[in-house]
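Have a look at the structure below, then the notes.
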Amino acid sequence: MPDLDYLRREIERMRIQMGRQRKEILQLQRAGIGTASAEALLSRMEAKVESLCAERDALKAAEPRQPKGRVLGGRTW
């Protein structure tokens with residue numbers, strides 16, 4: 001099972017790739033070229049990112065929480 005850092009990097013990489021894909025779709029549309037296959041690819045990429053985000057959230061929830069420490073020199077009420 002991939003670790004949390006790997007999932008975060010993969011999500012970021014895929015989001016960058018999706019941005020490039022969107023720009024490419026816009027260029028194709030301006031040129032009057034059909035974009036059905038490119039849009040299908042983009043929707044598959046979005047679904048993959050959604051699943052990676054769900055997996056990341058599950059790993060994050062399973063991680064033990066560290067207690068918050070007090071700030072040095074902070075007031076005590």
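The values are calculated or read from the model by the stated rules, or taken from the named source; none is laboratory data. Values in this document were obtained by computation on a predicted structure and should not be read as measured data. A quick note on method: Cβ atoms are made from the backbone with ideal geometry, for glycine too, and the neighbour counts reach across all protein chains shown. Ligands, DNA and RNA are stripped out before the accessible areas are found, and what is left, the full protein with its side chains, is counted by its heavy atoms. Shrake-Rupley method; radii C 1.70, N 1.55, O 1.52, S 1.80 Å.
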Given the Cα-Cα distance of GLU46 and ARG65 and 0.36 nm per residue of separation, how much length would full extension add, in nm?
3.9 nm
Probe 1.4 Å, heavy atoms of protein chains only: per residue, the accessible area of the chain in Å² is 85
Among (i) 7.0; (ii) 8.8; (iii) 6.5, the entry matching mean projected area of the Cα convex hull in nm² as calculated here is (ii)
Taking Cα atoms, how many degrees apart are the long axis of helix 36-62 and the longest axis of the chain, rounded to 10 and kept between 0 and 90?
10
Within the accessible area of the chain, what % is carbon and sulfur when the probe is 1.4 Å and the other protein chains stay in place?
53
Straight-distance crosslink candidates among lysines, where the alpha carbon sits under 30 Å from LYS60 and sequence neighbours closer than 8 are dropped
LYS48, LYS68
For the chain, whose charge dipole is built from +1 on Lys and Arg Cβ atoms and -1 on Asp and Glu Cβ atoms, the candidate among GLN27, PRO67, ALA40 with its Cα farthest towards the positive end is PRO67
For the chain, the dipole about the Cα centre with charges only on Cβ (Lys and Arg +1, Asp and Glu -1), to the nearest 20 debye, works out at 440
Determine the calculated [θ] at 222 nm for the chain from helices alone, applying -39500 (n - 2.57) to every DSSP H run no shorter than 4 residues and normalising by the residue count; nearest 500 deg cm²/dmol.
-25000 deg cm²/dmol
